[in-house]
């Protein structure tokens with residue numbers, strides 16, 4: 001977000017005391033011995049380069065920036081009560097409050113979380129390469145870490161311009177809800193909607209995620225474990241690495257054209273089944289947040305129908321380059337999660353009410369399975385009998 005074309009200010013400075021709560025332990029590579037998964041990506045380099053690559057946000061005066069940050073904080077606070085009343089879920093009093101960040105702050109937090117999330121998976125990569133006799137030297141490891149760090153930096157820089165809000169699971173630190181101020185300002189201007197209404201609407205969706213993960217104490221670790229287990233399974237054996245790379249390269253044109261999605265390229269049929277189960281849970285979370293934000297909306301957001309209509313249209317109207325990147329990063333699948341999950345939530349709620357739906361949060365066993373997202377009645381038969 002530029003102030004009259006000057007350098008990007010921090011909505012909340014990435015180095016300040018509040019932003020430091022978004023992740024701890026630093027994004028560095030750790031400087032360990034060769035062969036450690038944590039060193040497979042130079043995370044400090046990725047975060048640093050990503051922050052430099054990230055484009056500045058929309059032009060805004062210092063007064064506009066201050067008012068935006070203040071209103072987002074206020075909207076996050078105002079969202080808590082209607083989300084709790086509508087969802088029937090209550091965040092504990094000691095749950096960390098939302099954090100307003102700029103694009104640099106989002107990149108810094110996500111570099112830390114990605115390092116913690118992917119370290120066990122990358123350990124498997126290193127171990128399998130060593131088993132196959134491909135363990136790199138210390139010099140090669142450092143150079144490789146810089147190369148992969150640069151690739152991660154590009155992805156983080158691009159994503160930092162797209163995310164409006166995120167519940168950062170922060171595997172090794174304190175989970176926090178992040179609201180990305182410049183992106184919210186960009187979208188509300190593009191949509192030409194009432195800014196106060198739009199900011200509260202976004203806060204409602206993201207507050208629902210905060211409630212999901214804080215009111216359901218086992219959910220965060222369940223998601224982390226499932227994602228790490230699946231990531232580890234996706235790593236091919238050392239003697240299969242070359243073949244898998246060739247298969248991925250050969251299939252990428254189909255991904256770019258929209259003929260298949262990235263998961264079909266990266267996974268075996270058995271792995272895709274596991275991935276479908278994880279995707280079902282993510283569909284539930286995203287669909288539930290969309291339903292809650294829209295159900296709360298009319299009572300507190302007069303223009304919610306206009307916002308939803310224009311926001312949905314904007315999702316469809318991405319440019320060709322944007323669409324390609326979304327396919328390569330699997331974000332088209334995420335859009336489908338919103339739709340499928342919302343249909344599931346509304347059908348279950350219509351049949352058994354809010355309390356009947358909230359049985360999904362009882363345990364991992366009551367979460368919807370992959371086939372049940374598309375067939376909500378199957379979940380009803382299994383859980384409600």
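The values are calculated or read from the model by the stated rules, or taken from the named source; none is laboratory data. Bear in mind that the values here come from a model prediction, so they are computed numbers and not experimental data. Methodologically, a virtual Cβ is constructed for each residue, glycine included, from the backbone with ideal geometry; neighbour enumeration extends over all protein chains shown.
Values for this structure:
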item: Candidate set from the range 135-149 (those that are part of a loop (DSSP other than H, G, I, E, B) and in contact with a helix residue (DSSP H, G or I) (Cβ under 8 Å, 6 or more places away or on another chain)); member that is modelled with the lowest pLDDT; result: 136
item: Odd one out for residue 236, checked against (1) at pLDDT below 80; (2) part of a helix (DSSP H, G or I); result: (2)
item: Residue in the range 296-307 that is part of a helix (DSSP H, G or I), at pLDDT 60 or above, closer than 21 Å to residue 167 by Cα and touching a helix residue (DSSP H, G or I) at 6+ places or on another chain (Cβ under 7 Å) present; result: yes
item: Failed condition for residue 163, given (1) at pLDDT below 85; (2) outside any helix (DSSP H, G or I); result: (1)
item: Test: residue in the range 345-353 that is surrounded by fewer than 15 Cβ atoms within 10 Å (Cβ to Cβ), more than 29 Å from residue 313 (Cα to Cα) and in contact (Cβ under 8 Å) with a residue 40 or more places away in the chain; result: no
item: Filter result for residue 152 (surrounded by 16 or more Cβ atoms within 10 Å (Cβ to Cβ) and modelled with pLDDT of 85 or more); result: yes
item: Residue list for the range 361-373, filter: within 14 Å of residue 218 (Cα to Cα) and either free of Cβ contacts under 8 Å to residues at least 60 places away in the same chain or under 21 Å from the mean Cα position of the chain (by Cα) (or both); result: 361, 362, 364, 365, 366, 367
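Condition check ((1) at pLDDT below 85; (2) on the phi > 0 side of the Ramachandran plot; (3) assigned to a helix (DSSP H, G or I)) across all residues:
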residue	(1), (2), (3)
84	no, no, yes
93	no, no, no
107	no, no, yes
110	no, no, yes
121	yes, no, yes
129	yes, no, yes
133	yes, yes, no
171	no, no, no
184	no, no, yes
